[in-house]
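Heads up: the structure comes next, in structure tokens.
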Amino acid sequence: MSSAPTDRSSSATAPPDAPPPPSLASLTPLETEAICRGLGEPPYRARQLTRWVHKKFAADYDAMSDLPKGFKERLKALLPVRATTVAHAHRSDDGTTKLLLRMTDGEQVECVLIPEADRFTACLSTQVGCGVGCVFCASGADGVKRNLTHGEIVEQALHLASVSQARLTNIVVMGMGEPLHNVEELGRALRILMDPAGLDLGSRRITVSTSGVRRGFDQFLRLGFKVGLAISLHSPHDAQRRELVPRGGSGTVAELREMALRWFRATGRDVTFEVVLLDGRNDRDADARALALLAGRHINVNLIPMNPVPFAPMLRAPSPERVDRFTKILRERGVVVQVRRQRGDDVAAACGQLRRHAAAQA
């Protein structure tokens, strides 16, 4: 029997560099209060600042009309409201909006706003690029450059909230990068996003997606978040999964199933197995039956017909009839299944596509 592959989470994590300058948006309410005290201002100034940044989505100090001019000028000299800027903004015909953000070091990262009826879902990234290398994903086509800071993660949500001019209702950490290769900064970002003084998002409105990094999973579990967990499975067969997810964190699909059950036991939250369906690769009846044996009680399935990517023209989504057949087999076996509707194809909304397009045009 061959041994399981070594967890390669450390090799896929970008080396630590000097972090970009902080921003007001990257601070907790207590840290903002400390800034105000250092400038000789009363504590209520911190509450005003936090409300402007996280409730009214102000991107500069001049918009903060109830703050003294002298105080704002001192803040301007100290730190920006946001350290990231919008390099490109694209709105799809279906309402999906994709932003390409530029960091202070010139790197770029993507985030997406998905509106649905009364829901506004922000899809956030955690790395510049990705080290997992899924064959159907543009994020990892050029590898990983570096981890994002917690402030750079938070600011994605604020930029998207500014676009929608509405309170974000949900966050999915499913953008560029492997979140569990960047657990510490992700954890700090989630605490700011969940703070009642900030976006005030409850844990049931947040989902983190991972390829199954064992070391990062253990670390994230210890942080105590009761958010939703999605595991990028993509195949119920070990050999095929290693082909589709060459640097996924766990050795076997059985280990991923145990990881999902550990999360349920710790949080009481069902876990989702994500499967990007590829025509002729992982969409056969036999694949559906094998997947049903892994899922079921406390493990749901999210089927995602592949978004086309120009660097892999040989890969394509199955026909709608094939997706329906795959879904039917799972449901007949008692598995809770959702099929994700493709959104934002006309704005390259699949992870990493807009960044690659912008780099090609540079």
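The values are calculated or read from the model by the stated rules, or taken from the named source; none is laboratory data. Here the structure is a predicted model, which is why all the values come from computation and not from measurement. Glycine also receives a Cβ, built like all others from the backbone with ideal geometry; neighbour counts cover every protein chain displayed.
Is it fair to say Val132 is within 15 Å of the chain's Cα centre (by Cα), closer than 27 Å to Pro22 by Cβ and either of a type outside the set (Lys, Arg) or surrounded by 17 or more Cβ atoms within 10 Å (Cβ to Cβ) (or both)? No, not satisfied. Where helices (runs of 4 or more DSSP H) fall entirely within region 250-362, those with at least 3 residues that are modelled with pLDDT of 95 or more and in the same structural domain as Val213 (by TED's automatic domain parsing) are at 253-267, 285-294, 320-332.
Every condition in (1) part of a strand (DSSP E or B); (2) more than 23 Å from Glu178 (Cβ to Cβ) holds for Val109 except the one numbered (2). The set of residues in region 186-200 that are under 15 Å from the mean Cα position of the chain (by Cα) and either of a type in the set (Phe, Trp, Tyr) or surrounded by 22 or more Cβ atoms within 10 Å (Cβ to Cβ) (or both) comprises Leu186, Ala189, Leu190, Leu193. For region 218-238, the count of residues that are assigned to a helix (DSSP H, G or I) and in contact with a Cys (Cβ under 7 Å, 6 or more places away or on another chain) is zero. Applying the set (1) in contact (Cβ under 8 Å) with a residue 60 or more places away in the chain; (2) in the same structural domain as Gly38 (by TED's automatic domain parsing); (3) of a type in the set (Lys, Arg) to Lys56 leaves exactly one unmet item: (1). When region 148-196 is examined, which residues are found to be among the β-branched types (Val, Ile, Thr) and outside any loop (DSSP other than H, G, I, E, B)? Of everything in region 148-196, those that are among the β-branched types (Val, Ile, Thr) and outside any loop (DSSP other than H, G, I, E, B) turn out to be Ile153, Val154, Val163, Ile171, Val172, Val173, Val183, Ile192.
Could you please give the count of residues in region 147-183 that are more than 11 Å from the chain's Cα centre (by Cα) and at positive phi? The total comes to 1. Let me confirm something: among Gly133, Gly187, Gly95, Gly140, which residue is outside the structural domain of Lys55 (by TED's automatic domain parsing) and touching a strand residue (DSSP E or B) at 6+ places or on another chain (Cβ under 6 Å)? That would be Gly95, the only listed residue that is outside the structural domain of Lys55 (by TED's automatic domain parsing) and touching a strand residue (DSSP E or B) at 6+ places or on another chain (Cβ under 6 Å). Restricting attention to region 51-96, the residues that are part of a loop (DSSP other than H, G, I, E, B) and among the small types (Gly, Ala, Ser) add up to 6. For beta carbons closer than 8 Å, sequence separation of 6+ or different chains, a first residue in region 248-273 that is over 14 Å from His237 (Cβ atoms) and a second that is among the polar types (S, T, N, Q) and in a helix (DSSP H, G or I), the qualifying pairs are Gly249/Ser9.
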